[in-house]
Amino acid sequence: MEEIFICRCEEVTRKELEEAIRDGAVTMNELKRWTRAGMGLCQGKTCSKAVMAMLAEKTGKPLSEIQPATHRNPVRPMPIGCMTKGDQDDDARS
Amino acid sequence: MNKNWDVIVIGGGIIGLACAYYLTQDGKKVLLLEKGDIGEGASTSCDDMIFLQSKKPGILLTIAMESLDMYRKLAKDLPVDIEFENRGGMVLIESTSQLGHMENFVRQQKALGLDVELLDRHEVRKFCPLASPHILASTYSPIDSQVNPLHVMRGFVKIASARGLEMKQHTPVTGLSSPSPGHWQVTTGDGTVYETEVVVNAAGAWAPQLAAMTGIDLPIKPKRGQIAVTEAVPPFGKTNFWSADYIVMKLNPEFAKERDSLLNDLGIGLSMSQSHSGTYFLGGTREFAGFDKSVDRVALRLILKEAARFFPTLEKVNIIRTFAGFRPAPGDGKPYIGPVVSQPGLYIAAGHEGDGIALAPITGYAISRMIAGKKLPFDLSELAPEGRVQMWSTID
């Protein structure tokens, strides 16, 4: 069978995602953790819609019921130097 | 109603899944209930280290060594690559006072059979050329290892399911009661009642809520661990790293005075490990913040500053993600593993704090042996809940 890459950052194939769903992953977070799809440099910005569609199809749930994986900071890759050189006073801690 | 299950395990983190794995290996029919996603509380929001050097000499170090051996076997037995690796670990030392404490610590660990030694400045440079020149010395143990907890859990699920495990995610337990000794009723959010003879409370930071349903005061609190993840980079050294200043403070609380008070409030100490995909986990905090899973900027800045102090080159490296998890922190520093004797059929396997990944195999194995009424090849009586938890029912 032709190899189709769904997550380009981590080179995760369609087959690997289907296997994880068969192994019992039922949410986007579980699927991500088992396959690394969405764990790379772009953090799922490129592949998450395709993965959600797959999860909906394989689990028989409507796409509207598939929750995206948890989004976390930073929004895009950020050099550590930006944080270490910043001013502590920038941080308003409540 | 039929008792369809030999054992109901509550909690689908690495501890609950390890219990399910070894119980089904023993031929038990197991139902596992998880209120959210698999490993949602702590087991997927952590690093990947089995760091024996950070364990206090005593029962925890002893069983961590046993558990490490079990991981070697699991690496062969599980049908997924659990990325087990024996990369070794270093505890980086920055001052002569830290060195004095660490020399003492290393002596105690060696006495318990841990292969660990001290490296001088030049040897540190040889192991990791990118380490900051201010680092005075380091410990080194070739035994420290790592494993991908996400893959371990997938392996446990896969094998246990093939042996008949039924697993229900997004199924919170709302009621737990025992109408007669050895007969348990577990009620879930949708009103379903499951009956069984044995219940295992493996709910991590949520274990006290479950324990309270049968009048047990289980002293476990959620400790938040915030961690940053870098992009994939070449290794900064041969091993994974910890900073001595946090370990020394843990062993000698008076040492805290030498540290910044904010670092102490947040429980910050460097832990740095590289995943198989090349990303580094930079940790972390150990702080009581209730069930708040957010990452805050003050803590993140301090974590990154710590990491860059040891490895200045990190300043040029990108972070791609941050996250936080709830380490289930036990009142007296030791996990609760064993039966609640006054409530026949009820077992606790919770309170592993930052050692959940390292201790999962031995915990699951021990619980399965206890439930089967078989002897354990090691003494876990120090971890028995008896005498360490309070029963409300004894009051009336």
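The values are calculated or read from the model by the stated rules, or taken from the named source; none is laboratory data. Please read these numbers as outputs of a predicted model, since none were measured by experiment. Quick reminder, even Gly has a Cβ in these numbers, built from the backbone with ideal geometry, and neighbours come from all protein chains shown.
Annotations for the structure displayed:
- Evaluation of B:V124 against (1) under 30 Å from B:T196 (Cβ atoms); (2) free of Cβ contacts under 8 Å to residues at least 60 places away in the same chain; (3) more than 22 Å from the chain's Cα centre (by Cα) (one fails), failing number: (1)
- Flag if B:K28 is part of a loop (DSSP other than H, G, I, E, B), at pLDDT 95 or above and either more than 18 Å from the chain's Cα centre (by Cα) or buried (at least 24 other Cβ atoms within 10 Å of the Cβ) (or both): yes
- Among the numbered conditions (1) over 28 Å from B:R327 (Cβ atoms); (2) assigned to a strand (DSSP E or B); (3) touching a Leu at 6+ places or on another chain (Cβ under 9 Å), the only one that B:L119 does not meet is (3).
- When residues in region A:26-42 are screened for being facing chain B (nearest Cβ under 7 Å), among the hydrophobic types (A, V, I, L, M, F, W, C) and surrounded by 23 or more Cβ atoms within 10 Å (Cβ to Cβ), 1 of them pass.
- Subset of region B:294-343 that is more than 10 Å from every other protein chain (Cβ to nearest Cβ) and basic (K, R) - its residue that is surrounded by the most Cβ atoms within 10 Å (Cβ to Cβ): B:R327
- Candidate set from region B:163-206 (those that are within 24 Å of A:A25 (Cα to Cα) and among the acidic types (D, E)); member that is nearest to the other protein chains (Cβ to nearest Cβ): B:E166
- In region B:246-293, residue surrounded by the fewest Cβ atoms within 10 Å (Cβ to Cβ) [restricted to those that are more than 28 Å from B:V152 (Cα to Cα) and of a type in the set (D, E, K, R)]: B:E254
- B:L130 satisfies every condition listed in (1) modelled with pLDDT of 95 or more; (2) within 14 Å of chain A (Cβ to nearest Cβ) except (1).
Results for (1) aromatic (F, W, Y); (2) in the same structural domain as B:P235 (by TED's automatic domain parsing); (3) crowded, with 19+ Cβ neighbours inside 10 Å, shown as yes or no for each residue.
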residue: B:L74; (1), (2), (3): no, no, yes
residue: B:S95; (1), (2), (3): no, yes, no
residue: B:F105; (1), (2), (3): yes, yes, yes
residue: B:A111; (1), (2), (3): no, yes, no
residue: B:D115; (1), (2), (3): no, yes, no
residue: B:H134; (1), (2), (3): no, yes, no
residue: B:A137; (1), (2), (3): no, yes, yes
residue: B:V157; (1), (2), (3): no, no, yes
residue: B:A160; (1), (2), (3): no, no, yes
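- Considering region B:174-235, the qualifying strands (runs of 3 or more DSSP E), each wholly inside and each with 2 or more residues that are farther than 22 Å from B:G39 by Cβ and free of Cβ contacts under 8 Å to residues at least 60 places away in the same chain, run over B:183-188.
- Of all residues in region A:49-80, those being within 14 Å of chain B (Cβ to nearest Cβ) and small (G, A, S) number 1.
- Condition broken by B:S273, with the remaining ones in (1) farther than 30 Å from B:V200 by Cα; (2) out of contact with any Pro (no Cβ under 9 Å at 6 or more places or on another chain); (3) within 14 Å of chain A (Cβ to nearest Cβ); (4) at pLDDT 95 or above satisfied: (3)
Yes/no matrix, rows are residues, columns are (1) polar (S, T, N, Q); (2) within 30 Å of A:I80 (Cα to Cα); (3) not assigned by TED's automatic domain parsing to the domain that holds B:Q25:
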position: B:D190; (1), (2), (3): no, no, no
position: B:T196; (1), (2), (3): yes, no, no
position: B:I227; (1), (2), (3): no, yes, yes
position: B:P234; (1), (2), (3): no, yes, yes
position: B:S243; (1), (2), (3): yes, yes, yes
position: B:Y246; (1), (2), (3): no, yes, yes
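- Residue check, B:A324 closer than 30 Å to A:T84 by Cβ and either touching a residue at least 60 places away in the same chain (Cβ under 8 Å) or outside the structural domain of B:L270 (by TED's automatic domain parsing) (or both): yes
- Matching residues, region B:75-113, being over 30 Å from B:A20 (Cα atoms) and among the hydrophobic types (A, V, I, L, M, F, W, C): B:M90, B:V91, B:L92, B:I93, B:L99, B:M102, B:F105, B:V106, B:A111, B:L112
- Flag for B:K56 being surrounded by fewer than 24 Cβ atoms within 10 Å (Cβ to Cβ) and not assigned by TED's automatic domain parsing to the domain that holds B:M370: yes
- If you go through region B:1-56 and keep only what is more than 12 Å from chain A (Cβ to nearest Cβ), charged (D, E, K, R) and over 25 Å from B:S178 (Cα atoms), you end up with B:D47, B:D48, B:K55, B:K56.
- Any hit, region B:363-373, residues being touching a Pro at 6+ places or on another chain (Cβ under 6 Å), in contact (Cβ under 8 Å) with a residue 12 or more places away in the chain and either closer than 21 Å to B:S54 by Cα or not assigned by TED's automatic domain parsing to the domain that holds B:L23 (or both): no
- Any hit, region B:86-104, residues being part of a helix (DSSP H, G or I) and of a type in the set (A, V, I, L, M): yes
- Taken over region A:50-86, the residue count meeting the criterion of being assigned to a loop (DSSP other than H, G, I, E, B) and either surrounded by fewer than 15 Cβ atoms within 10 Å (Cβ to Cβ) or not small (G, A, S) (or both) is 16.
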